[in-house]
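Visitor: Here it is, the structure in full.
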Amino acid sequence: MNDPLRVAVVGVGHLGRHHARILSALEGARLVAVVDVNRERARQVAAAVGARALGDVSELEGQVDAVTVAVPTEAHVAVALPLVRQGVAVLVEKPLARSCPEADALVEAAAASGATLGVGHTERYNPAVAAATSFVLEPRFIEVHRLGTFPERSLDIDVVFDLMIHDLDIVLSLVGSDVEAIEAVGVPVLTDRIDIANARLRFASGCIANLTASRISKDRVRKIRFFQHDAYVSIDYGAQDLEVYRLVRAGEGRPTIEGGKVPIVHEEPLKREMVDFLAAVRDGRPPLVTAEDGRRAVALARRIADRMASS
């Protein structure tokens, strides 16, 4: 039980190489291999982290305890499902899958094999988000802006599944209520998929969430704000800043506003995610972001995409 977990990374492009970097240095883990269909890229990353370079995921059979999957979304199920069925613990980068049936196949396979299955909704591991959970109680209105410059990756999915899904997961985890109604609009600008989108969600609790996501913006913005009775909570994901303000009433006097920045110890969210995933594997517990969480985010993203298509 004290032996390091044998781990591998499948897909070492933009994000996967960071998986490899972090896992190669984590205590309690031994990065045995990196896998990529681009064998030269696999060799380059493997040389940098001291692991074997492989070209096909099938070569991992019997060699690993846990795997992180950072291939394009369209290949998530093809790569992850055989591993999960073998009982290998798998962390799949977000989104869990392209569709609910694909997500269901992964969830059901993990339940059948007993394998740990986590989803890389990295913002849940952002220290500012983690600190905010004790302040966000009964939000009534949520405003989200996630704007980025045009990427050279993730173009196999639209901006809802690429960027907005981060915030859909956060909102679902903090509101804790079903989405009753959706208004949404999306525009393909630089690709044949939606590049900028806005969604307005109404929850059964009465909360309204307004989310804007763009991958064609000049500036990079990642912020979420929560408004609730007598309180305001603001998170800057990128800066890992948290501000909390409260309305304080004292007797019959005029109410005052108190609060400001909450001290945050900055850490790399992706590293926190990897640490949690490996601890979940070792301890036999669910990770912070479960496969069911990932499935819920996919389902909501699908509803938003369908609403945009029908409007």
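Read-outs throughout are calculated quantities, based only on the coordinates presented, and are distinct from any laboratory measurement. Model, not experiment: these values are computed from the prediction. Counting neighbours? That spans all protein chains shown, and the Cβs are built from the backbone with ideal geometry, glycine included.
Visitor: Calculate one ³J(HN,Hα) per residue across segment 270-275 by plugging θ = phi - 60° into the Karplus curve 6.51 cos²θ - 1.76 cosθ + 1.60, and present them in order as whole Hz with x for glycine and proline.
Guide: Couplings: 5, 5, 4, 5, 5, 4 Hz.
Visitor: Straight distance only, please: which aspartates and glutamates reach the Cα of Lys261 with their own Cα at less than 18 Å, same-chain residues fewer than 8 apart left out?
Guide: List returned: Asp230, Asp236, Asp241, Glu243.
Visitor: How large, in Å, is the chain by the Kirkwood hydrodynamic radius built from its alpha-carbon pairs?
Guide: Numbers: mean 1/r = 0.0491 Å⁻¹.
Kirkwood hydrodynamic radius for the chain: 20.4 Å.
Visitor: Quick check: the angle from helix 100-113's long axis to the longest principal axis of the chain, C-alpha only, nearest 10 degrees?
Guide: The helix 100-113 is inclined about 60 degrees to the chain.
Visitor: How large is ³J(HN,Hα), in whole Hz, for each residue of segment 6-12 in order, when computed from phi with the Karplus curve 6.51 cos²θ - 1.76 cosθ + 1.60 and θ = phi - 60°, using x for Gly and Pro?
Guide: 7, 10, 9, 10, 9, x, 10
Visitor: Consider all pairwise Cα distances in segment 5-120 and report the whole-number % of them above 22 Å.
Guide: That tail contains 25 percent of the Cα-Cα pairs.
Visitor: May I pose another question? If you take the square roots of the eigenvalues of the alpha-carbon gyration tensor of segment 227-311 and sort them as a ≥ b ≥ c, do you get rounded (a/c under 1.5), prolate (a/b over b/c) or oblate?
Guide: oblate
Visitor: Compute the relative contact order of the chain as a whole-number percentage, counting only Cα pairs closer than 8 Å that sit 6 or more residues apart in sequence.
Guide: 19 percent.
Visitor: Still on this model: I need the shape label for segment 68-214. Rule: rounded when a/c is under 1.5, else prolate if a/b > b/c, else oblate, with a, b, c from the alpha carbon gyration tensor.
Guide: Oblate, because a/c is 1.5 or more while a/b does not exceed b/c.
Visitor: With a 10 Å cut-off between alpha carbons and a GNM built on the chain, which of Lys94, Lys261, Lys271 moves the most?
Guide: Lys261
Visitor: For the chain, give the share of DSSP beta bridges that are antiparallel, in percent and rounded to the nearest 5; count only bridges with both residues there.
Guide: Here the antiparallel bridges make up roughly 60 percent for the chain.
Visitor: Provide, in order from the shortest bin, the percent of all Cα-Cα pairs of segment 210-270 in each 10 Å bin, continuing until the bin that contains the maximum pair distance.
Guide: Distribution as computed: 18, 38, 29, 12, 4, 0 percent.
Visitor: Another question, if that's okay. Give me Met274, Met308, Met164 ranked fewest to most by other Cβ atoms within 10 Å of their Cβ, as a rough exposure proxy.
Guide: Least to most surrounded, the residues fall as Met308, Met274, Met164.
Visitor: Taking Cα atoms, how many degrees apart are the long axis of helix 165-175 and the longest axis of the chain, rounded to 10 and kept between 0 and 90?
Guide: Between the helix axis and the principal axis of the chain, the angle is about 50 degrees.
Visitor: Given the -39500 (n - 2.57) contribution per DSSP H run of 4+ residues, what per-residue ellipticity at 222 nm results for the chain, rounded to the nearest 500 deg cm²/dmol?
Guide: Helix-only estimate at 222 nm: -9500 deg cm²/dmol.
Visitor: Decide, for segment 32-88, between rounded, prolate and oblate: order the square roots of the alpha carbon gyration tensor eigenvalues as a ≥ b ≥ c, take rounded if a/c falls under 1.5, and otherwise choose prolate if a/b is larger than b/c, else oblate.
Guide: oblate
Visitor: I want the local charge near Leu242. Using Cβ-Cβ distances under 10 Å, sum +1 for each Lys or Arg and -1 for each Asp or Glu among the other residues.
Guide: Result for the neighbourhood of Leu242: -2.
Visitor: What trypsin sites (Lys or Arg not before Pro) does segment 39-123 have in DSSP loop regions with at most 11 other beta carbons within 10 Å?
Guide: The qualifying sites: there are none.
Visitor: Given the options Ala112, Ala301, Ala20, state which has the largest fluctuation in a GNM of the chain using a 10 Å cut-off (strictly under) for Cα springs.
Guide: In this elastic network of the chain, the residue with the biggest mean-square fluctuation among Ala112, Ala301, Ala20 is Ala112.
Visitor: Reachable lysines from Lys94, Cα under 22 Å, same-chain residues fewer than 8 places away excluded?
Guide: The reachable lysines, counting only those whose Cα sits under 22 Å from Lys94, are Lys223, Lys271.
Visitor: Now for a separate question. Could you compute Rg(Cα) / (2.2 N^0.38 Å) for segment 134-178, with N its residue count? Present the calculation step by step, with values, prior to reporting the outcome.
Guide: Working: Rg = 13.2 Å, N = 45, 2.2 N^0.38 = 9.3 Å.
Output field value: 1.41.
Visitor: If I fit a long axis through the Cα atoms of helix 76-85 and take the longest principal axis of the Cα atoms of the chain, what angle between them do I get, 0 to 90°, rounded to 10?
Guide: Tilt relative to the chain: about 70 degrees.
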